[in-house]
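Colleague: Shown below is the structure under consideration.
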Amino acid sequence: MLLTLASGSLFFPGLFALSTWALRRSRPEWTFSDCVMIGTRVVSSVQAVLATGSGILIVRSCSNVISDRSSGETLGTSLLAASSQQN
């Protein structure tokens, strides 16, 4: 989980910097704020596509999205783990 967080922390700012740089090089007549605005929208669009894709994968992999749990966890083992952490 920490690796995913670190990867995202590097990927999205890097994508923003790359898109802003590419826009400034390809469209020199645009102002810096125009390039930043479009770069922000590019990053936002990529985040939306990735979030939608992960949501579709979750929905398609579960027979009942509300009650299904990953890695064989059942409601009983989940309640047992929750009650043992409170002590």
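Colleague: Once ligands and nucleic acids are excluded and a 1.4 Å probe is used, how much of Thr40 is accessible, expressed in Å² to the nearest 10?
Modeller: In the full protein context, Thr40 sits at about 70 Å².
Colleague: Can you give the accessible area of Leu5, probe radius 1.4 Å, in Å² rounded to 10?
Modeller: 110
Colleague: If you rank Ser61, Ser19, Ser7 by how much accessible surface each has, with a 1.4 Å probe, what is the order from largest down?
Modeller: Highest to lowest solvent-accessible surface, that is Ser61, Ser7, Ser19.
Colleague: Please find the FRET efficiency linking Ile58 to Met37, where r is the Cβ-Cβ separation and R0 is fixed at 30 Å, and quote it to the nearest 0.05.
Modeller: So, using R0 = 30 Å, E works out to roughly 0.40.
Colleague: Not counting ligands, DNA or RNA, and with a 1.4 Å probe, what is Leu10's accessible surface area in Å² rounded to the nearest 10?
Modeller: 130
Colleague: How large is the direction-averaged shadow of the alpha-carbon convex hull of segment 1-73, in nm²?
Modeller: Its average projected convex-hull area is 6.5 nm².
The values are calculated or read from the model by the stated rules, or taken from the named source; none is laboratory data. From a predicted model like this one, the values you see are computed outputs, not experimental measurements. Methodologically, a virtual Cβ is constructed for each residue, glycine included, from the backbone with ideal geometry; neighbour enumeration extends over all protein chains shown. In case anyone asks, the SASA skips ligands and DNA or RNA and just uses the protein heavy atoms, side chains included. Shrake-Rupley method; radii C 1.70, N 1.55, O 1.52, S 1.80 Å.
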